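Asker: To start, I am sharing the structure in question, which I have written as structure tokens.
The values are calculated or read from the model by the stated rules, or taken from the named source; none is laboratory data. Since we're looking at a predicted model, the values are computed, not measured. With ideal geometry, Cβ positions are generated from the backbone for all residues, glycine too; neighbour counts draw on all protein chains shown. Quick note on the areas: whole protein, heavy atoms, side chains included, nothing else; ligands and nucleic acids left out. Shrake-Rupley method; radii C 1.70, N 1.55, O 1.52, S 1.80 Å.
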Amino acid sequence: MNDTSMIKPTPLLRFLRRPVLNEHASGRLTLWPWLGWLCLLLLLGFAGGQVDGALIHLFGWRIPPNSAQNYLTTHASWSAAAVVLAAPILEELGFRAFLSTAPKSVFIGLTFFLSYVYFAVRMNMAHVPAALAIAHYFAALWPLLPAGIISLLLYRYAREQVLTLFRRHGAWVFWVSCIVFGAAHAAVYSNHLAWWGFVLALPQFLIGVGLAYVRVAFGLRWSIATHLAFDALVVFASWLYVATPQASTLRTALTGLFLVLVALIVAYGLVVVWRVLRRQW
């Protein structure tokens with residue numbers, strides 16, 4: 001892994017101390033450094049899952065067996081596959097496209113952001129079965145129309161004021177996007193509004209911070225690619241494992257393959273952690 005394979009922006013830890021939004025991404029990624037960021041996020045997801053498991057055991061929080069998190073990783077279907085492939089793109093447009101000072105990125109991003117805020121509030125307030133939420137995921141995007149009108153009006157009548165806000169208060173914009181992204185995932189654990197769902201969404205918040213940095217540093221296409229690869233690896237690997245018969249040779253082989261893959265992810269993720277701590281990445 002060669003540092004010369006990418007043009008380096010502000011290292012992660014230094015950036016997080018004082019986030020600044022720019023019109024254009026300051027770095028360029030190639031395959032191996034991108035895989036490093038992906039492994040770091042997967043490592044955060046693994047670690048966060050272990051913390052969540054400990055908290056659930058410690059406090060006795062009851063996660064419904066049909067929660068969106070459990071249902072999505074154990075019930076393969078064409079509608080679920082469509083959500084897994086499309087949701088990362090839509091969520092990046094909704095939570096991170098506006099992490100810029102380029103007018104088009106800001107106002108298109110605000111359109112999707114307002115829609116997702118409405119969708120997240122609705123999902124957290126209503127007890128929606130996971131199967132129904134997945135089947136009607138795309139139908140819930142109807143707020144794009146009124147949100148687009150609001151965004152268009154802002155672009156027409158308050159464009160400079162909004163862009164000035166993003167330039168002067170980029171740190172607030174950055175952290176608000178990360179917090180809202182984490183909070184929007186609270187319902188995947190409980191299927192309804194529960195305060196501990198926001199605690200369990202801490203891994204999503206941390207992953208959101210990583211994705212937001214990738215978006216600002218390297219561009220929206222890289223945060224979309226990272227988010228898509230993350231969700232696809234987790235969900236499709238779970239589907240493959242669940243679909244194999246228990247106590248079979250195939251299940252044993254898949255278990256071994258997954259363990260090797262996890263070991264590689266952890267190893268490369270720790271390399272990235274070391275580089276981040278040394279402020280090289």
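Asker: Name the single residue, out of those in the stretch 26-39 being open to solvent by 20 Å² or more (accessible area, probe 1.4 Å) and under 18 Å from Val209 (Cβ atoms), that is modelled with the lowest pLDDT.
Answerer: Checking each candidate, the answer is Ser26.
Asker: Scan the stretch 209-222 and tell me whether some residue there is in a helix (DSSP H, G or I), open to solvent by 70 Å² or more (accessible area, probe 1.4 Å) and not charged (D, E, K, R).
Answerer: no
Asker: Which of the residues belonging to the stretch 66-94 are under 20 Å from Pro203 (Cα atoms) and of a type in the set (Gly, Ala, Ser)?
Answerer: Passing the criteria: Ser67, Ala68, Ala87, Gly94.
Asker: Give the stretch 95-142 a look and list any residue that's charged (D, E, K, R), modelled with pLDDT of 80 or more and in a helix (DSSP H, G or I), or say none.
Answerer: Lys104
Asker: Here are some conditions: (1) more than 20 Å from Gln50 (Cβ to Cβ); (2) open to solvent by 60 Å² or more (accessible area, probe 1.4 Å); (3) in contact (Cβ under 8 Å) with a residue 40 or more places away in the chain. Gln280 meets all but one. Which one does it not meet?
Answerer: All conditions are met except number (2).
Asker: Cβ contacts < 6 Å: first residue under 22 Å from Pro65 (Cβ atoms), restricted to the stretch 119-132; second residue of a type outside the set (A, V, I, L, M), any location; separation 6+ or different chain. Result?
Answerer: Within 6 Å, the pairs are His127/Asn191; His127/His192; Ala130/Asn66; Ala130/Tyr71.
Asker: Continuing with the same structure: Count, please, the residues in the stretch 52-62 that happen to be closer than 20 Å to His127 by Cα and open to solvent by 50 Å² or more (accessible area, probe 1.4 Å).
Answerer: Matching residues across the stretch 52-62 total 1.
Asker: Report every pair of residues separated by at least 6 positions or lying on different chains whose Cβ atoms are under 7 Å apart, first residue within the stretch 170-190 and without any contact (Cβ under 8 Å) to a residue 24 or more places away in the chain, second among the hydrophobic types (A, V, I, L, M, F, W, C) and crowded, with 22+ Cβ neighbours inside 10 Å.
Answerer: If the second residue must be among the hydrophobic types (A, V, I, L, M, F, W, C) and crowded, with 22+ Cβ neighbours inside 10 Å, the pairs left are His185/Ala201.
Asker: Among the residues of the stretch 28-39, are any part of a loop (DSSP other than H, G, I, E, B), more than 17 Å from Phe205 (Cβ to Cβ) and either among the charged types (D, E, K, R) or in contact with a helix residue (DSSP H, G or I) (Cβ under 6 Å, 6 or more places away or on another chain) (or both)?
Answerer: Applying the first criterion (part of a loop (DSSP other than H, G, I, E, B)) to the stretch 28-39 yields 29-30.
Now narrow it down to the ones that are more than 17 Å from Phe205 (Cβ to Cβ): 29-30.
Applying the additional criterion that residues be either among the charged types (D, E, K, R) or in contact with a helix residue (DSSP H, G or I) (Cβ under 6 Å, 6 or more places away or on another chain) (or both) yields 29-30.
Checking the stretch 28-39: at least one residue is part of a loop (DSSP other than H, G, I, E, B), more than 17 Å from Phe205 (Cβ to Cβ) and either among the charged types (D, E, K, R) or in contact with a helix residue (DSSP H, G or I) (Cβ under 6 Å, 6 or more places away or on another chain) (or both).
Asker: Condition first: among the small types (Gly, Ala, Ser) and either surrounded by 22 or more Cβ atoms within 10 Å (Cβ to Cβ) or part of a helix (DSSP H, G or I) (or both). Now tell me which residues in the stretch 194-208 satisfy that.
Answerer: Across the stretch 194-208, the qualifying residues are Gly197, Ala201, Gly208.
Asker: I need every pair where a residue in the stretch 73-92 that is outside any helix (DSSP H, G or I) has its Cβ under 8 Å from the Cβ of a residue that is open to solvent by less than 40 Å² (accessible area, probe 1.4 Å), sequence separation at least 6 or different chains.
Answerer: Ala76/Trp239; Ser77/Ile134
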